[in-house]
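What follows is one structure encoded as structure tokens, with my remarks underneath.
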Amino acid sequence: MVSKNEAEMAVKTLLEYIEGDANREGLIKTPSRVIESWDEIFSGYSADSKELLQSTFNGEGYDGIVLLRDIEFHSTCEHHLQPFSGRAHIAYIPVDRIVGISKLARIVDAHAHRLQNQERITKGIADDLEEHLQPLGSAVILEASHGCMRCRGVRKQNSVMTTSAMRGVFFDKPEPRQELMQLIQSRPL
């Protein structure tokens, strides 16, 4: 494990590479600020999905779709260390237990706050829902705009990447999948 001081020195080295003078007034505290911000941005490494999804409630016979849509998320591409952000839509059909809706948003953050790719976030959230909630079905759809596409390389400003993971009845049966898509596309409040 690298110490905080070693991490700050690595940032200082990168500043020397970029700027040539990491000791000018505006950059002196930058290594410390970068490491502090990374501690927050990459806090997902300390998150435990089992802990996040363990607190469930009696579903009282509810057997319809539970959908939390338009969950904003921000992540960092592991390939170029560029940000990407967008919206997540998470759905499940409970068997007999439901989970608090804030936990669904927290599970998105747990996965997004790591060095990532969008496909892994999508799959990881779906895997966690299946493992910890054991629903009849789960679905995860992410829509995101990627900094590595916007500010470098092909420079496509308006491109949006969509990924999905459908499990259980959302994968096996077209009716629940179609209902889910209609719910996601319904107008916001």
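The values are calculated or read from the model by the stated rules, or taken from the named source; none is laboratory data. Please read these numbers as outputs of a predicted model, since none were measured by experiment. Neighbour counts are summed over all protein chains in view; Cβ atoms, including those assigned to glycine, are modelled from backbone coordinates with ideal geometry.
Among the residues making up region 60-92, those that are more than 29 Å from CYS151 (Cβ to Cβ) and among the charged types (D, E, K, R) are GLU60, ASP63. MET166 meets each of the listed conditions (1) part of a loop (DSSP other than H, G, I, E, B); (2) buried (at least 17 other Cβ atoms within 10 Å of the Cβ) apart from (1). Filtered by the rule that a residue be closer than 29 Å to GLU51 by Cβ and not charged (D, E, K, R), region 131-161 gives HIS132, LEU133, GLN134, PRO135, LEU136, GLY137, SER138, ALA139, VAL140, ILE141, LEU142, ALA144.
For region 149-160, the criterion of being more than 21 Å from LYS103 (Cα to Cα) and buried (at least 19 other Cβ atoms within 10 Å of the Cβ) is satisfied by at least one residue. Checking VAL34 against (1) free of Cβ contacts under 8 Å to residues at least 60 places away in the same chain; (2) in contact with a strand residue (DSSP E or B) (Cβ under 7 Å, 6 or more places away or on another chain); (3) within 17 Å of GLY147 (Cβ to Cβ), which test does it fail? Condition (2) is where VAL34 drops out.
Candidates in region 110-159 are the residues that are of a type in the set (Val, Ile, Thr) and either at pLDDT 95 or above or not in a loop (DSSP other than H, G, I, E, B) (or both); of these, the one that is nearest to the chain's Cα centre (by Cα) is ILE121. If you check SER102, SER75, SER85 for being touching a Ser or Thr at 6+ places or on another chain (Cβ under 8 Å), on the phi < 0 side of the Ramachandran plot and surrounded by fewer than 21 Cβ atoms within 10 Å (Cβ to Cβ), only one passes: SER85.
Against the condition surrounded by 13 or more Cβ atoms within 10 Å (Cβ to Cβ), touching a Ser or Thr at 6+ places or on another chain (Cβ under 6 Å) and more than 18 Å from PHE170 (Cβ to Cβ), how does PHE42 come out, does it pass? Break it down into steps so the answer makes sense when it comes.
Values: surrounded by 13 or more Cβ atoms within 10 Å (Cβ to Cβ): yes; touching a Ser or Thr at 6+ places or on another chain (Cβ under 6 Å): no; more than 18 Å from PHE170 (Cβ to Cβ): yes.
So PHE42 does not fit the description; no.
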